[in-house]
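Have a look at the structure below, then the notes.
The values are calculated or read from the model by the stated rules, or taken from the named source; none is laboratory data. These numbers were taken from a predicted model, which means no experiment stands behind them. A quick note on method: Cβ atoms are made from the backbone with ideal geometry, for glycine too, and the neighbour counts reach across all protein chains shown.
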Amino acid sequence: MATNTAGSVGRQFQKQAVHYLRKNIVFGDATVATTVGYLPPGALVIGGGVIITTAFNAAGDDTMDVGTSGTADGFTNDAVVSTIGNIVFNGMATSAVLYSTSARTVVATYSYTSTAPTAGSAEVWVKYLPDNDR
Amino acid sequence: MATNTAGSVGRQLQQHTTHFFRRNITFASTGALTLGVLPPGAIVVNAGVVVTEAFNWGTNNLLDIGTSSDDDGFATNLALGTVGLITWDELATSNDLYSTSAVTLIATPDLTGTQATTGAGEVYVEFIPDNDR
């Protein structure tokens, strides 16, 4: 039935399985809010992190924010990405953007200081529960 | 083939994905709230509550998460007074993470004191069914 209301582009399967978004970010993406993916209305973000597969190597600081297009550091703020490993989100305990009745865009932003990096690659991942458990 | 043994009502998808239960609570919630039923053999790997609106009862704003026989088996007295993700605190020592039987999961708010005017959250439990053979 036509509703005359545009649907969300957020991924939502019919099953009550944990969903995820995942996006590769490299050193060339610096200072740009890269779209990780889309959350459907009612989605609940319950975890996430940044897995550094190649260390970012700017002369100064190498950090990453992950959040929504409205609050770019809503999930993690200034996560250090200059060493290899899984850096779990550091802002979840007090985040106000883990849930919304509206569709949202998740973004990741790599930043550096001093001389530009020549290497760096990471996989951003976000776990969420769609609003389908009724 | 008929087995003459009643099946479990626990949800178990065919795919090897982590499953979840989720339900809303508010400042008006009372008693033991059923989240769902784990199928036999499931293991619980994560749980918590996302507070979307801070609870403001005058005295206690707390939540337990567990099973019908151990209502704080996963989490005891999670604080609901601030917005954010409040994760379970019984992971390291819980003896309720696995059962060969179906298990009912519950969330029990402890809300006392002067009547609240706000408070909402989403309780969740993530589990892995016993289907990876």
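Quick notes
- Of the strands (runs of 3 or more DSSP E) lying entirely inside segment B:61-133, the ones with 2 or more residues being surrounded by 15 or more Cβ atoms within 10 Å (Cβ to Cβ), under 17 Å from the mean Cα position of the chain (by Cα) and of a type in the set (Phe, Trp, Tyr) are found at B:120-128.
- Counted as qualifying within segment A:1-70 are the strands (runs of 3 or more DSSP E) with 1 or more residues that are among the small types (Gly, Ala, Ser) and touching a residue at least 12 places away in the same chain (Cβ under 8 Å), namely A:33-39, A:44-54, A:62-68.
Conditions (1) in contact with a Leu (Cβ under 9 Å, 6 or more places away or on another chain); (2) of a type in the set (S, T, N, Q); (3) over 22 Å from residue A:15 (Cβ atoms), marked per residue:
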| position | (1), (2), (3) |
| --- | --- |
| A:51 | no, no, yes |
| A:56 | no, no, yes |
| A:83 | no, yes, yes |
| A:87 | no, no, yes |
| A:111 | no, yes, yes |
| A:129 | yes, no, no |
| A:133 | yes, no, no |
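- Residue satisfying all of: in segment A:73-114; more than 25 Å from residue A:7 (Cβ to Cβ), touching a residue at least 12 places away in the same chain (Cβ under 8 Å) and aliphatic (A, V, I, L, M); surrounded by the most Cβ atoms within 10 Å (Cβ to Cβ) among these: A:81
- Of residues in segment B:1-52 being assigned to a strand (DSSP E or B) and charged (D, E, K, R), the one nearest to residue B:96 (Cα to Cα): B:22
- Condition met for residue A:46 (buried (at least 17 other Cβ atoms within 10 Å of the Cβ) and either more than 21 Å from residue A:95 (Cβ to Cβ) or more than 13 Å from every other protein chain (Cβ to nearest Cβ) (or both)): no
- The set of residues in segment B:83-116 that are away from every other protein chain (no Cβ under 14 Å), farther than 14 Å from residue B:67 by Cβ and among the β-branched types (Val, Ile, Thr) comprises B:93, B:112, B:114.
- Contact annotation: no residue pair with Cβ atoms under 6 Å, 6 or more positions apart or on different chains, pairs a residue in segment B:64-82 that is more than 15 Å from residue B:47 (Cβ to Cβ) with a partner that is in a strand (DSSP E or B) and of a type in the set (Gly, Ala, Ser).
- Against the criterion of being out of contact with any strand residue (DSSP E or B) (no Cβ under 6 Å at 6 or more places or on another chain) and surrounded by 15 or more Cβ atoms within 10 Å (Cβ to Cβ), residue A:67 qualifies.
- The single condition among (1) modelled with pLDDT of 95 or more; (2) in contact with a strand residue (DSSP E or B) (Cβ under 7 Å, 6 or more places away or on another chain) that residue A:96 does not meet is (2).
- Number of positions in segment B:11-50 that are facing chain A (nearest Cβ under 9 Å) and β-branched (Val, Ile, Thr): 3
- Scanning segment A:49-62 for residues that are surrounded by 21 or more Cβ atoms within 10 Å (Cβ to Cβ), more than 11 Å from the chain's Cα centre (by Cα) and not aromatic (Phe, Trp, Tyr) yields A:52, A:58, A:62.
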